[in-house]
Structure formats: structure tokens, C-alpha cells
Amino acid sequence: MPQIVSNMVDAYVFRRVNARLQFLLLLRCPDRPLGNTWHSLHTKIEPGETAVIAAQGAMERETGLTPLETFSVDYVNQFYDHHSDSIILAPVLAFAVQPRAVVTLGEDLCDSAWCEREEATARLLWPGQRWAVRHIDAILGLASEDSEFFLIS
């Protein structure tokens with residue numbers, strides 16, 4: 001019987017440019033697991049660590065970026081991991097960065113792209129990732145008046 005595990009966190013980095021959100025997508029190197037696929041940040045939460053701290057650490061390691069604001073986006077990504085026979089529940093966070101922030105790629109990554117919602121959802125492989133981008137755009141986009149309710153810091 002699969003076990004239910006919540007030791008992962010998903011994080012989406014975005015910037016506001018010309019009254020639109022642009023999401024940072026990261027391309028995995030061809031020789032790495034899931035090579036040549038586009039992703040957001042996905043990392044393990046270590047014992048004693050919060051989801052926010054784990055995601056911020058992954059963001060700094062994988063992109064060299066520091067968040068201006070951190071949001072909980074009221075969504076939990078769920079998927080089945082056949083290697084561990086587990087159902088993974090990963091809270092989803094969003095990090096706003098400066099519009100001209102410079103990305104420094106981590107060693108598992110070979111490219112990055114800033115994409116608006118439609119391009120981002122076209123590049124992402126998994127439905128949960130595509131749904132998260134649409135959801136973040138809807139609740140944190142400039143047309144939303146309620147974004148402050150999702151602000152953590």
C-alpha cells in the first residue's frame with residue numbers, strides 16, 4: 001500500500017514586467033535525471049526545516065536569486081512516486097524577484113527562460129506544474145486585488 005509523504009516543496013519564481021507575471025523555468029541538463037525537461041523548483045524538505053526555508057535554499061542554490069516577497073498560493077501538488085511507492089504532497093510557494101534579476105544556474109541546469117503563463121504551461125511536462133502556473137497567475141497577477149492575503153513575507 002502506498003504511503004502518503006509530505007517532504008517536498010514546489011516553488012515558482014516570478015517577476016512582474018509590463019503589467020504581467022513572467023515565470024522562471026529551468027532546463028535540466030541532458031545527463032541529469034529528467035534531462036532536457038523544463039521545471040520550476042522542486043526540493044526535499046530536510047528534518048527540522050520548514051517548506052519556506054527549503055524552497056528559499058533551493059532558489060538560491062539553483063538560480064542565485066533572493067526573493068523580494070514569498071507567497072503561499074493555497075495549492076498542494078500531488079503525485080505518485082513509483083520508486084518509493086508513495087503519494088507525494090508538495091506545498092506550492094511563489095517567490096517574487098526584481099524584474100532585472102540575473103539568474104546564475106546551478107550545476108544540474110543548462111538553461112533558463114522567463115515565460116508568461118501560456119508559454120510556461122506549454123513548456124512544463126506535468127499537469128500539476130501547469131495548474132500551479134495558471135493558479136499563481138490568477139491569484140498574484142496584477143489584476144488580482146487579493147494577493148496580499150497570500151503573502152508570507
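What follows is calculated from the coordinates using simple rules that are stated; it is not laboratory data. Nothing here was measured: the structure is a model prediction, and the numbers come from that model. Note that each Cβ is placed from the backbone with ideal geometry, even for glycine, and that neighbours are counted across all protein chains shown.
Put a dot 7 Å past the Cα of Arg61, heading toward its Cβ, do the same for Asp111, and the two dots end up 2.5 nm apart.
For the chain, state the semi-axes of the equivalent ellipsoid (square roots of 5 times the eigenvalues of the alpha-carbon gyration tensor), sorted largest first and rounded to whole angstrom.
Details: eigenvalues 105, 68, 47 Å².
So the equivalent ellipsoid measures 23, 18, 15 Å along its semi-axes.
Under 18 Å from a label point set 7 Å out along the Cα-to-Cβ vector of Thr37, the amide N atoms of region 81-112 belong to 81-91, 108-112.
Counting other Cβ atoms within 10 Å, which GluC sites (Glu not before Pro) in region 53-107 have at most 13 and lie in a DSSP loop?
Details: sites: Glu60, Glu62, Glu69, Glu107; in loops: Glu107.
For GluC sites (Glu not before Pro) across region 53-107 that sit outside H, G, I, E and B with at most 13 neighbouring Cβ atoms in 10 Å, the list reads Glu107.
Averaging the sequence gap over all C-alpha pairs within less than 8 Å and six or more residues apart, then dividing by the number of residues, gives the chain a relative contact order of 32 percent. Exposure proxy ranking for Leu65, Leu125, Leu89, Leu24, based on other Cβ atoms within 10 angstrom of each Cβ and starting from the fewest, stands as Leu125, Leu89, Leu65, Leu24.
Each residue, Gln3 and Leu151, gets one label point 7 Å from its Cα in the Cβ direction; the gap between the two is 4.0 nm. According to the calculation over all Cα-Cα pairs in region 1-53, the P(r) per 5 Å bin from zero is 4, 16, 17, 17, 19, 16, 8, 3, 1, 0 %. Full extension of the segment from Arg100 to Arg130, taken as 0.36 nm per residue of separation minus the current Cα-Cα distance, would add 8.4 nm.
Each Lys and Arg contributes +1 and each Asp and Glu -1, all at the Cβ; summed about the Cα centre of the chain, the dipole is approximately 320 debye.
The helix-only estimate of mean residue ellipticity at 222 nm for the chain, built from DSSP H runs of length n ≥ 4 each weighted as -39500 (n - 2.57), is -7000 deg cm²/dmol after division by the residue total.
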